[in-house]
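K.L.:
Below: one structure in structure tokens.
The values are calculated or read from the model by the stated rules, or taken from the named source; none is laboratory data. Small disclaimer: the values here were computed from a predicted structure and weren't measured. Heads up, the Cβs are rebuilt from the backbone with ideal geometry, glycines too, and the neighbour counts pull from every protein chain shown. Surface areas here come from the heavy atoms of the whole protein model, side chains and all, with no ligands, DNA or RNA. Shrake-Rupley method; radii C 1.70, N 1.55, O 1.52, S 1.80 Å.
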Amino acid sequence: MSRYSALQIRKLMGRAISRWTMIEDGDHVLVAVSGGKDSMTLLWNLRERITRIPINYTLTAIHVNPGFNNHSYREVESFFIENNFNYRIIHSNLGEIAHSEENRENPCFLCSRIRRKLIFQTSAEMGCTKIAFAHHKDDVIETFFINVLYGASISTMKPVQEFFNGRLRIIRPLYMVDEETIKRYVSHMGWKPVDLGCPTSGITKRQEIKDMLSSIYRKNKKVKGNIFHALQNVRKDYLP
Ligand code: SF4
């Protein structure tokens, strides 16, 4: 089963990269690594892929330390050092800002926005051509429901998004991979995801949607695939 999860990730990641032309020869990809299971999996498999394919690209991992404590970034850094990855750590107090009384919105929205801005700035400084995020199939579906229920819009993450007139591209190589497959893979690899110490972790809107969807998936195994397919089968004529 664990070997199967490794093969699944390799296959689906490769399929997404080629279907949406995510990585080209000579790219310098900045990989956003929170220290969670998804980003560790992404970083590892993007490097593993270089050994098997005829195009060459370079990777730099970036971790934005949210500043909830003074040890979580060291654990992420150890993962980079022990496994010989090029990396950058950006220190911030974004956790405090997102949870301050001045912040009138959901902590996760502000936290993600500030983190993304720091990553964009670093990417520009380093001359990176792409930024890779570890969002997977479940994230894509959950974001759709978060946006409908709490953002009053029909939208979700795209596999590739362009910014600054195409000078920067965000890519999501795990777009087609199920979270469950990543969980099995990480357990097989023996990795311990890093706990950032965020007080909001586990009580987010995303968790609420995740729990709702899990109960539906348990009743009918086809539902997840149907939702993912529906996101690529939008019938605009039947929308007001
Ligand atoms: S759970 Fe915490 S660290 Fe994660 S996005 Fe929300 S506020 Fe930021």
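K.L.:
Working only within the range 118-135, note down all residues that are of a type in the set (A, V, I, L, M), touching a helix residue (DSSP H, G or I) at 6+ places or on another chain (Cβ under 9 Å) and more than 16 Å from the ligand (Cβ to nearest atom).
P.N.:
131, 132
K.L.:
Is the range 61-77 home to any residue that is among the small types (Gly, Ala, Ser), out of contact with any strand residue (DSSP E or B) (no Cβ under 6 Å at 6 or more places or on another chain) and surrounded by fewer than 18 Cβ atoms within 10 Å (Cβ to Cβ)?
P.N.:
The answer is yes; a qualifying residue exists.
K.L.:
Give me the pairs, please: first residue somewhere in the range 104-115 and over 11 Å from residue 66 (Cβ atoms), second residue anywhere and more than 8 Å from the ligand (Cβ to nearest atom) and in a loop (DSSP other than H, G, I, E, B), beta-carbon distance under 6 Å, and either six or more positions apart or on two chains.
P.N.:
Close Cβ pairs (under 6 Å, with a partner that is more than 8 Å from the ligand (Cβ to nearest atom) and in a loop (DSSP other than H, G, I, E, B)) amount to 110/103.
K.L.:
Tell me, which residue of the range 102-117 that is over 20 Å from residue 201 (Cβ atoms) and either away from the ligand (no atom under 14 Å from the Cβ) or not charged (D, E, K, R) (or both) is most open to solvent (accessible area, probe 1.4 Å)?
P.N.:
104
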